[in-house]
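What follows is one structure encoded as structure tokens, with my remarks underneath.
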Amino acid sequence: MAFPTSYFFFLMTLISGSIISISSTSWFGAWIGLELNLMSFIPLIALKMNPLFSEAALKYFLIQALGSVLFISSSFLLMSFYSFSLLSIFLALLLKLGGAPFHFWFPQVMEGLKWPQIFLLSTIQKLAPLTLISYLMNNEILIKITIFSAILSALIGSLGGLNLTLLRKIIAFSSINHLSWMLMAISISDSSWLFYFFIYSLIVLSITSMFHKLQTFSLSMLIQSDQNSTLHATIISLNFLSLSGLPPMTGFIPKWIVIQVMLNLNMFIPLFFLLVSALITLYFYLRIIITMILMFNPILNFNMKYKSLTDSPSSLFFKSSFNFFGLLLPLYFTFI
């Protein structure tokens, strides 16, 4: 699918909006950056005159507009009602992120998007709100609310993805679950959440680019795709294992860092909920992986038609090579 030049312009303004929000010295400047980010993402959603894209764009606009109104009105009241305004700003940012308990719009919007837009909504669109939330973490009440939201997001993101066959909804609930780890990292450390966000973005980029190439949106379409192959199935399986945080894949490294910090701070109860949710998400990733393994095993599938690779093996390996960086972890313990 070829994108017109205008979409690259909107992509640049979208990134610029995030940078303006992050680097702003006032809440008004941060609001301007968020609005630029919002108005740049709407044209990227509405690629064609399609009812599904239009519905997703309208839902996204209404939710983000509600968050923007709450954000700017709360920032005006900071001088008069400081604590209440900070709480309102935090809730507005949580609404824009799609974090629990304001997660209801996120899977519905994701279901109406193409894979490149899903990557943007899962990664770049979260960068500015997460950074602004990290600026609020000098307030004890907001830290406790952030931890509560992280626990709730972990449970909803894991339980919501059970028994789903639509890949876009699975990625949506997975994103809510990973958001819980980033919120928890924000509440305890300003540096670890950035590393978590970077690794998560790389993994999602690999998965969405693979699904975009195969043009699959459900588990059945993934198995029946004419472009699929055993190598594709292997790469997708490794990506999902990395996304689940299973050692020794790269996705385990940021979770390991967050777990270590939480153990040092004696945060055993929040850690318990995060680890249980990670096990549940691993379960519904394994449902996809096992189905693909069974379908592409020539012994178990007698009607298998071997398909030629549309990508060179080197290209496929490059897309997912960073998932194997976790294999270098033993070297860290060897030389320290």
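Tabulated data
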{"read-out": "Hits in segment 102-123 (condition: part of a loop (DSSP other than H, G, I, E, B) and free of Cβ contacts under 8 Å to residues at least 60 places away in the same chain)", "value": "F102, F104"}
{"read-out": "Unique residue being outside any loop (DSSP other than H, G, I, E, B), open to solvent by less than 50 Å² (accessible area, probe 1.4 Å) and among the hydrophobic types (A, V, I, L, M, F, W, C) when the list is L274, L279, L263", "value": "L274"}
{"read-out": "Test: S54 is more than 30 Å from K114 (Cα to Cα) and of a type in the set (S, T, N, Q)", "value": "no"}
{"read-out": "Among (1) hydrophobic (A, V, I, L, M, F, W, C); (2) open to solvent by 10 Å² or more (accessible area, probe 1.4 Å); (3) at pLDDT 95 or above, the one test that M137 misses", "value": "(3)"}
{"read-out": "Positions within segment 197-218 being free of Cβ contacts under 8 Å to residues at least 60 places away in the same chain and either more than 17 Å from the chain's Cα centre (by Cα) or not in a helix (DSSP H, G or I) (or both), in sequence order", "value": "L214, Q215, T216, F217, S218"}
{"read-out": "Evaluation of S158 against (1) open to solvent by 30 Å² or more (accessible area, probe 1.4 Å); (2) closer than 30 Å to N264 by Cβ (one fails), failing number", "value": "(1)"}
{"read-out": "Some residue of segment 219-234 being under 22 Å from the mean Cα position of the chain (by Cα), farther than 17 Å from Y285 by Cβ and in a helix (DSSP H, G or I)", "value": "no"}
{"read-out": "Filter result for S153 (part of a helix (DSSP H, G or I), at pLDDT 95 or above, buried (at least 21 other Cβ atoms within 10 Å of the Cβ) and hydroxyl-bearing (S, T, Y))", "value": "yes"}
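The values are calculated or read from the model by the stated rules, or taken from the named source; none is laboratory data. Note that this is a predicted model, so its numbers are computed, not measured. We place every Cβ from the backbone using ideal geometry, glycine too, and count neighbours over all the protein chains shown. Calculation scope for accessible area: heavy atoms of the full protein, side chains included, ligands and nucleic acids excluded. Shrake-Rupley method; radii C 1.70, N 1.55, O 1.52, S 1.80 Å.
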